[in-house]
Amino acid sequence: MLLGRRAERKAIERLLADARSRRSGVLVVRGEAGIGKTAILEYAHGAASGFRVERAVGVESEMEFAFAGLHQLCAPLLDRLGALPEPQQAALGVAFGMRAGDPPDRFLVGLASLNLLAEVSEERPLLCLVDDAQWLDAASAQTLAFVARRVDAERVALVLALRDHSPDPSDAHPFAGLLEPVLDGLGAADAQALLATGVRTPLDERIRDRIIAEARGNPLALLELPRSAEPAKLAGGFGLPDALSVPRRIEKSFQRRSRSLPAETQLLLLVAAAEPLGDTALLRGAAESLGIDAEAAAPAKAAELLDIGARVRFLHPLVRSAVYRAAALSDRRRVHRALAAATDPQADPDHRAWHRAQATLGVDETIAVELERLAGRAWTRGGPAAAAAFLEQAVVLTPEPADRARRALAAAHATHQAGASEAALELLTVAAAVSRPTDSVPL
Ligand SMILES: Nc1ncnc2c1ncn2[C@@H]1O[C@H](COP(=O)(O)OP(=O)(O)OP(=O)(O)O)[C@@H](O)[C@H]1O
Ligand SMILES: [Mg+2]
């Protein structure tokens, strides 16, 4: 079900109504990954009763193959090719590799495509859906833009989705002049409704607000952020982004953008990913102690990954997880150590202890004791989820089996209170495993 998107639905309905009454038109939906472009295309499909619907999808690995995208769209229509003038038939025939010949004239190919769509729409109105248009081969993109600019009194509706979020696309953009404004995130009420569809356990309010804030209305992030992390892990800003699965589409685009960044910039990205509060001063402090130059932020901004202003903000909500996941464990520890050192022990002992714990390899009773104390505080302030997160971390760091069992039990209790029953059961198993066999574990 499509939540929100009132303006887009209206635009689609108008486009379809116009096409029914012989006023062809085009809509180019664009926005960041996961913002809901394909969902809008699906909506258009659902609303297009009485239409013939044809599709094409840009495929990254086919960008080098001229006319591959256009061929997807037109192949099912080619039985009507005979209705076109011979030079246009020849141009399309050569473009699609069905005939031998010199490279076809682009203008003729455009004209032929336009006429083919017009011809087909004589039978029934025609809806063409083109997804991932950013990955169309250049020849197809050019031809479709040509068609989109010239459709007029046929019964053709074109809807294209384009992953792109520059506020001012340049005049050289293949679809320049046709682009809609960038899609915004969902509003707060729709974001909450979508988040609720993705989680099985009840979320406490703080966690929910935090996910909503981090997702910034991006539907993919709203569905993915809570998916693989137990609610306790996200508690009070202590969740680590590596617990989350990053959809492949985000991971790939992130890797492409980050690959060529200087090592210092990559380390800076990791500091930002490991610091859940988005606190600029803290980021600067930690970066300085790691010897990262202030200039290192510029390439991250240019690659549209990170923006450091009054707050630190990843430009796509799922990039934070992707950065953290891609980092080596030793780098993660180094970065958490720097963050612990940069965190004020008076003002924010919780985060300091949390970062120290993340920086520790193996066991450390001192830090485990500190975490247990913080868990107690969190608990009395009514935060079972934060308490659970602290205790879970304490269990990992505890050297003595008896202490480990005790803390695992407490963690199980807090986790259960926080609404994550499966995670609580896992902790009970830990507690049982380290208890002496004669001990009975109170359940
Ligand atoms: N308005 C909405 N209401 C409910 N669910 C939505 C809405 N928009 C998107 N979704 C869901 O969010 C997820 C991501 O949306 P979608 O795949 O449409 O993003 P996209 O913009 O096409 O991303 P990409 O650039 O990666 O192709 C999908 O599971 C989709 O069903
Ligand atoms: Mg899509």
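Could you tell me the distance between the Cα centroids of the range 157-186 and the range 120-151, to the nearest Å?
15 Å
Please report the antiparallel percentage of the DSSP beta bridges confined to the chain, to the nearest 5.
15 percent
Keeping all protein chains in place, calculate the accessible area per residue for the range 362-443 (probe 1.4 angstrom), answer in Å².
Spelled out: the 1.4 Å probe surface of the range 362-443, per residue, equals 51 Å².
Quick one: which residues, 5 or more positions from Leu306 or on another chain, have an amide H under 5 Å from its amide H? H modelled 1.01 Å from N in the peptide plane, none for Pro or chain starts.
Lys301, Leu315
Would you please state the base-10 log of I(q)/I(0) at q = 0.14 1/Å for the range 6-163, with intensities from the Debye formula using one equal scatterer on every alpha carbon?
-0.65
Going by a ≥ b ≥ c, the root eigenvalues of the Cα gyration tensor, does the chain fall in the rounded group (a/c under 1.5), the prolate group (a/b larger than b/c) or the oblate group?
Because a/c hits 1.5 or more and a/b exceeds b/c, the chain counts as prolate.
Determine ³J(HN,Hα), in whole Hz, for all residues of the range 70-81 in sequence, where each value follows from phi through the Karplus function 6.51 cos²θ - 1.76 cosθ + 1.60 and θ = phi - 60°; x replaces Gly and Pro.
4, 4, 4, 5, 8, 3, x, 9, 5, 5, 9, 4
Given H placed on each backbone N at 1.01 Å, which residues far from Leu160 in sequence or on other chains put an amide H within less than 5 Å of it?
It is Leu27, Val28, Val29, Val130, by chain and number.
Counting heavy atoms of the protein chains only and a 1.4 Å probe, report the per residue accessible area for the range 6-163 as a whole number of Å².
42 Å²
Residues with amide H under 5 Å of Val312's amide H, sequence separation 5 or more or different chain, H placed in the peptide plane at 1.01 Å from N; which?
Asp279, Thr280
Within the range 360-437, what whole-number % of the accessible surface is contributed by carbon and sulfur, with the 1.4 Å probe and all protein chains included in the calculation?
Carbon and sulfur together cover 59 percent of it.
Compare the peptides 91-99, 24-32, 68-76 by average per-residue count of other Cβ atoms within 10 angstrom and give them in order, highest first.
24-32, 68-76, 91-99
The values are calculated or read from the model by the stated rules, or taken from the named source; none is laboratory data. These numbers come from a predicted model, not from an experiment. Cβ atoms come from the backbone with ideal geometry, glycine included; neighbour counts cover every protein chain shown. Protein only, heavy atoms only, side chains kept; ligands, DNA and RNA dropped before computing areas. Shrake-Rupley method; radii C 1.70, N 1.55, O 1.52, S 1.80 Å.
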